[in-house]
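The values are calculated or read from the model by the stated rules, or taken from the named source; none is laboratory data. Keep in mind the model is a prediction, meaning the values are calculated, not measured. Note that we place each Cβ from the backbone using ideal geometry, even for glycine, and neighbour counts take in every protein chain shown.
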Amino acid sequence: MCGIVGYIGRRHALPIILDGLKRLEYRGYDSSGVAIITDKGLSIKRKKGKINDLIHHIEHESINGTTGLGHTRWATHGKPSDENAHPHRAGDVVVVHNGIIENYTELRALLQEKGHHFKSETDTEIIAHLVEDHLKSGASFEDAVLASVRQLRGSFALGVLSVRNPDRLIAVREASPLVIGFGNNETIFASDMPAILPYTNRMLFMLDGTIAVITADEVRLMDFNGAALPVHPKQFDISPAMAEKGGYKHFMQKEIFEQPQAITDTLRDRLLFDTRDIDLKDAGIDHKLVHALKRINFVACGTSYHAGLTGKYIIEEMTGIPVDVEVASEFRYRTPLVSTDTLTVAISQSGETADTLAAIRLAKKNGSRVLSICNVIDSTLARESDHVLYTHAGPEISVASTKAFTSQLVSIYLLAIHIGRSLGRLSKQQAASFFDTLVAIPALLDTLLKQEDRIIAIAKQYAKHRDFLYLGRGISYPVALEGALKLKEISYIHAEGYPAGEIKHGPIALVNEDMPVVFVAVQGRVYEKIKNNMEEVKARDGRIISFTNADNAGIRDLSDELFVLPAIDELFTPILSIVPLQLLAYHIAVMNGTDVDQPKNLAKSVTVE
Ligand code: M6R
């Protein structure tokens, strides 16, 4: 999604804004631009393509000024082009925008009647014209922005500047994230923390329906009626290095290798070593809540949805509570059967995914309590939930989610063991044994990650294939879906995940010697069944790549490639088996030369519908 950076202070704004935009590149974008108030007037530069294209475009110009806005655009209205790139200008007013203005056609017609002319196909440009129109009628800059936002419908995070008011910037938030950083004689605001971290750790997440009037030394907040709001920035314990590559070739590779640490951090303070029990006090999941529960309902998108699908197997087994899992974009437009005895569990790395937010709002409206499993402290999802179980994976920059997924699984295990114990479904002994398994996972992952070379060798053999099938059964079925998603999103290779027992009902028609079939085949209740499915694929000349913790002659004979996973209780296998699949996708993408961290058409944080 689009990225916004605004700077006002004593230093040159341009390099700070460009650096901030680069730190937001992971959000996904197709053009970029800057607007700086210089001593010679306003300078606006925009370019289709990468930020480096913009830098190249302006490298011989001197654009000096201490106030400015920057933007990376992910096209919604109007194709990616120099003209549609932000900032957009009307007279003295400049606007950058993340989100969608739903009533832009009406507003555009209204403004055209008043004589305004538009140069782009975007919904954003109308905002600049609205503000200019109010300024022309004599409103102050602040009042002009206030009046304009009250006319807008949709989701919008805005940065606004007016050349006639060079001592201030205005930021607006309605359903799209914005964070303000409070520096020394400088203020920087952005769509996400990484753009701010090199300058300050004192930050404030703006709330929906608020406007910030920002100078170098002061921030004033108000609601859309102009009523003043308190300003309470918080200190965030995150370093800029946590959002840098640290010697790895890509963020994705770094984040795959950070999984043992991310899991340790997510477990920390929730494990009671004396009693081998789980403590979820931080999320407020108490005895009373657990005993009132009749149903759990996961809502999420993409990889987080796959964590929810895995969660169904874990929670039903450990707690006996029925679990539904639904893609948030479907849930939000149904009449869902949730009520006061349902716990809706929203899973989201970013905590800003528009569909997931809409889903929890609907669930709440129907009386359900909402627990979110979320990686971003103070995100919209966290704020709007009744309970939050934070994953502590650290900033995840690569578009492809990896360490967030395994940290989400850890949170689900914690939740399931906690509920299972509270309900007496798990004996003390069973819970203690699961506790020991959780504690052992980071070391097992370390061992697994040391076998990256084996994955590279497999990737070399198969990198040029254009279609893959990923199969799993039981708790390995969502792992197969997630493995396929990883491959398709970063390598653009077609990959389909399927429950292995279903192949004879259709997909087996595709199997031949050109179709690598990835099997996730772990020991447990469906192991013999999935071996039968391997036989079926083998009988049709399919090439089998097995990820298994059952290293025996039978599975070796069936497999063209075999990767052996560490042994672990069947319910915990997904947290190990997904990791080599992440590595396989990563290395195949690298071998195909794709833009691994920012794959085409994708955005890290999907803040529009
Ligand atoms: O931030 P969220 O977890 O809510 O994001 C949900 C999906 O957009 C996300 O998982 C997406 O599918 C990733 N690109 C997958 O790698």
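Give me the pairs, please: first residue somewhere in the stretch 209-237 and in the same structural domain as F141 (by TED's automatic domain parsing) and farther than 18 Å from L158 by Cβ, second residue anywhere and surrounded by 13 or more Cβ atoms within 10 Å (Cβ to Cβ) and among the aromatic types (F, W, Y), beta-carbon distance under 7 Å, and either six or more positions apart or on two chains. So the pair list comes out as P233/F182. Against the conditions (1) in contact with a helix residue (DSSP H, G or I) (Cβ under 7 Å, 6 or more places away or on another chain); (2) surrounded by fewer than 23 Cβ atoms within 10 Å (Cβ to Cβ); (3) not β-branched (V, I, T), L293 satisfies every one except (1).
Within the stretch 233-244, the residues that satisfy the criterion of being touching a helix residue (DSSP H, G or I) at 6+ places or on another chain (Cβ under 8 Å) and either at pLDDT 80 or above or in a loop (DSSP other than H, G, I, E, B) (or both) are F236, I238. Looking only at residues in the stretch 370-417 that are farther than 22 Å from R270 by Cα and not in a loop (DSSP other than H, G, I, E, B), the one that is nearest to the ligand (Cβ to nearest atom) is T380. Of the residues L583, L602, L576, the single one that is part of a helix (DSSP H, G or I), within 16 Å of the ligand (Cβ to nearest atom) and of a type outside the set (V, I, T) is L583. Within the stretch 23-47, being among the basic types (K, R) and crowded, with 20+ Cβ neighbours inside 10 Å holds for R23, R27, K45, R46, K47. Scoring S350 on the criteria (1) more than 16 Å from the ligand (Cβ to nearest atom); (2) part of a loop (DSSP other than H, G, I, E, B) leaves a single failure, condition (1). Residue-level analysis places T340 among those that are more than 15 Å from the ligand (Cβ to nearest atom) and in contact with a Gly (Cβ under 6 Å, 6 or more places away or on another chain).
The set of residues in the stretch 120-141 being outside any helix (DSSP H, G or I) and over 35 Å from the mean Cα position of the chain (by Cα) consists of S137, G138, A139, S140.
Let's see how each residue does on (1) within 30 Å of K249 (Cβ to Cβ); (2) crowded, with 20+ Cβ neighbours inside 10 Å; (3) not hydrophobic (A, V, I, L, M, F, W, C):
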| residue | (1), (2), (3) |
| --- | --- |
| S329 | no, no, yes |
| P336 | no, yes, yes |
| L357 | no, yes, no |
| I360 | no, yes, no |
| G394 | yes, no, yes |
| I397 | yes, yes, no |
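Close contacts from the stretch 591-604, counting a first residue that is not assigned by TED's automatic domain parsing to the domain that holds S191 and a second that is more than 12 Å from the ligand (Cβ to nearest atom) and of a type in the set (D, E), with Cβ to Cβ under 7 Å and a gap of 6+ residues or different chains, come to Q598/E25.
Sub-6 Å Cβ pairs linking a first residue in the stretch 316-333 that is assigned to a strand (DSSP E or B) and at pLDDT 95 or above to a second residue that is buried (at least 21 other Cβ atoms within 10 Å of the Cβ) and among the β-branched types (V, I, T), at least 6 apart or interchain, are V323/I296; V323/I315; E326/V299, ordered by first then second residue.
To keep it simple, each residue is scored yes or no on (1) exposed (fewer than 13 other Cβ atoms within 10 Å of the Cβ); (2) touching a Cys at 6+ places or on another chain (Cβ under 6 Å); (3) in a helix (DSSP H, G or I).
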| position | (1), (2), (3) |
| --- | --- |
| V231 | no, no, no |
| G246 | yes, no, no |
| I256 | no, no, yes |
| T266 | no, no, yes |
| I285 | no, no, no |
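Check I441, I456 and return the single one that is more than 13 Å from the ligand (Cβ to nearest atom) and assigned by TED's automatic domain parsing to the domain that holds P516.
On the way: I441 fails: assigned by TED's automatic domain parsing to the domain that holds P516.
Only one candidate qualifies: I456.
In the set (1) within 16 Å of the ligand (Cβ to nearest atom); (2) within 29 Å of K428 (Cβ to Cβ), the condition left unmet by T303 is number (2). Filtering the stretch 15-58 to residues that are within 25 Å of P240 (Cβ to Cβ), charged (D, E, K, R) and out of contact with any Cys (no Cβ under 8 Å at 6 or more places or on another chain) leaves D19, K22, R23, E25, K50, D53. Kindly establish whether A509 is touching a residue at least 24 places away in the same chain (Cβ under 8 Å) and small (G, A, S). No: the conditions fail for A509. Within the stretch 1-40, restricting attention to residues that are of a type in the set (G, A, S) and assigned to a loop (DSSP other than H, G, I, E, B), the residue that is farthest from G78 (Cα to Cα) is G9. Against the test of being surrounded by fewer than 23 Cβ atoms within 10 Å (Cβ to Cβ), touching an Asp or Glu at 6+ places or on another chain (Cβ under 7 Å) and either modelled with pLDDT of 95 or more or under 21 Å from L381 (Cα atoms) (or both), the options G138, G183, G209, G226 yield a single qualifying residue, G209.
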